[in-house]
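So the structure is just underneath, and the comments pick up after that.
The values are calculated or read from the model by the stated rules, or taken from the named source; none is laboratory data. These numbers come from a predicted model, not from an experiment. What goes into the accessible areas is simple: the full protein's heavy atoms, side chains included, and nothing from ligands, DNA or RNA. Shrake-Rupley method; radii C 1.70, N 1.55, O 1.52, S 1.80 Å.
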Amino acid sequence: MFTIMFNLFNRKTPDETRQRDTCKVRVQRFNPDVDVKPHLQEFTVPLTSETTVLDALHYIKTELDGSLTFRRSCRHAICG
């Protein structure tokens with residue numbers, strides 16, 4: 001389970017304009033070996049007008065936390 005929270009910022013100063021827009025992705029994590037109950041972990045990922053939830057999850061896995069796992073069929077013409 002995951003929750004996407006989009007946080008787009010109004011840019012006013014030149015320094016802020018150079019920063020990329022981001023969104024916060026909260027992922028429910030549970031490892032039965034160490035966790036008593038599931039917990040939410042929050043990640044900040046770059047956001048463009050073309051970013052999908054799958055893109056955000058791939059970014060988290062490749063750039064932030066390689067231990068993230070998820071199942072998907074998207075982009076293989078087998079949605080469902």
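Here are the numbers for this structure:
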| read-out | value |
| --- | --- |
| K61, K37, ranked by accessible area, largest first (probe 1.4 Å) | K37, K61 |
| Gained length - F30 relative to E42, 0.36 nm times residue gap less alpha-carbon distance | 3.0 nm |
| Heavy-atom accessible area per residue - the stretch 19-74, 1.4 Å, Å² | 70 |
